[in-house]
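> Could you have a look at this structure, given as structure tokens, before my questions?
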Amino acid sequence: MAKKNRRRAILFDGDIQIYQAASFTQRVTDFGDVVAITADKDEGVADLMDRIISLYTHLKGDEMFIALTDSYNFRKDILPTYKENRSGVERPILLGHLRNHLIHDHEAKVKEGLEGDDILGITATNPAMFPGYDKIIVSIDKDMRTIPGLHFNPDKDDGIVTVSEDTANYNHMLQTLMGDRVDGYTGCPGIGPKKAAKALEGITDPLERWLRVVEIYHLRGLTAEDALVQAQVARICQHEDFDYNTRKAIPWTPTQN
């Protein structure tokens, strides 16, 4: 829960902000024999910063932190098909320009091998980062609810939401069962949101949750190793999932529960 009179660090998912701004300011003109796609760089930057500043002001921020995804993703080493379904998809033409703007003008953070989500998760759960601040993650991505702490979804009117350690763990196991086809990992075959929730119903111990997940995978003819691969790619990095010496992500294991 956000506390009164505490300073606030607003942690932005920069990938979503630039995608929305780039998409909104892009113009598509159909001339019949050819389609022209255009975008004004100044308009794109203005729209992007209006979105960010409006949210920062609404949340009464004192510090701003923006995270962006690196071109390399450590999850590809675990599951080569991770986000493979996104390759070849046409993207808004201003993405690169807006990304560079956030990096060079607003010190947006990019870390080798990490997604912007990972950087947010590490920052939000590391007590040494923004000590004494309420850290509020701003993202429309439901996967971020696997991170304990304060969250704000600009697309929903539910205010600042507190995700507990237990809820974050539950959501991670839920994702491990369901998978996420948008992100290119399948989870356990035949298990959707309702079946996943039913499988985890009433289980409060994190290790027991994991054992239940493995059991469901076994019932589908799969192994604990199959379940672990899905759990590792579903896991958004937290403070303990990052080696500060090697600067690399540490793939999740059940002992971290």
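> Which of 118, 166, 158, 134 has the fewest other C-beta atoms within 10 Å, and how do the rest follow up to the most?
Listing 118, 166, 158, 134 from fewest to most nearby Cβ atoms yields 158, 166, 134, 118.
> Whole angstrom only: what separates the Cα centroid of the stretch 36-115 from the Cα centroid of the stretch 211-237?
Cα centroid to Cα centroid, the span is 30 Å.
> So, one more: Using mean Cβ contacts within 10 Å as the protection proxy, how do 93-101, 136-144 order, highest first?
For the peptides 93-101, 136-144, the packing ranking is 136-144, 93-101.
> Sequence gap at least 6, Cα distance under 8 Å: using those rules, report the relative contact order of the stretch 105-251 to the nearest whole percent.
25 percent
> Here's a follow-up. How high is the relative contact order of the stretch 166-256, in percent, counting Cα pairs under 8 Å that sit 6 or more residues apart?
That works out to 27 percent.
> Out of 194, 76, 41, any idea which swings most in a Gaussian network model of the chain, alpha carbons joined below 10 Å?
It is 194.
> From the phi of every residue in the stretch 61-77, what ³J(HN,Hα) in whole Hz does the Karplus formula 6.51 cos²θ - 1.76 cosθ + 1.60 yield, where θ is phi - 60° and glycine or proline is x?
x, 10, 9, 10, 9, 10, 10, 10, 7, 6, 5, 9, 10, 4, 5, 5, 6
> About its Cα centre, how strong a charge dipole does the chain have in debye, to the nearest 20, once Lys and Arg get +1 and Asp and Glu get -1 at the Cβ?
Once rounded to the nearest 20, the dipole reads 520 debye.
> DSSP beta bridges in the chain, what fraction antiparallel, as a percent rounded to 5?
45 percent
> So how do 178, 173, 129, 64 line up by other beta-carbon neighbours within 10 Å, fewest first?
Ordered by Cβ neighbours within 10 Å, fewest first: 129, 64, 178, 173.
> Can you match Kirkwood radius over Cα pairs in Å to one of these, [x] 17.8; [y] 18.5; [z] 19.6, based on a calculation from the structure here?
[z]
> With charges only on Cβ, +1 for K and R and -1 for D and E, what is the dipole size of the stretch 1-48 about its Cα centre, in debye, rounded to 20?
Here the size comes out at about 860 debye.
Here, each number is a calculation from the coordinates, and none is a lab measurement. Worth saying up front: this structure is predicted, and the values here are computed from it rather than measured. Note that we place each Cβ from the backbone using ideal geometry, even for glycine, and neighbour counts take in every protein chain shown.
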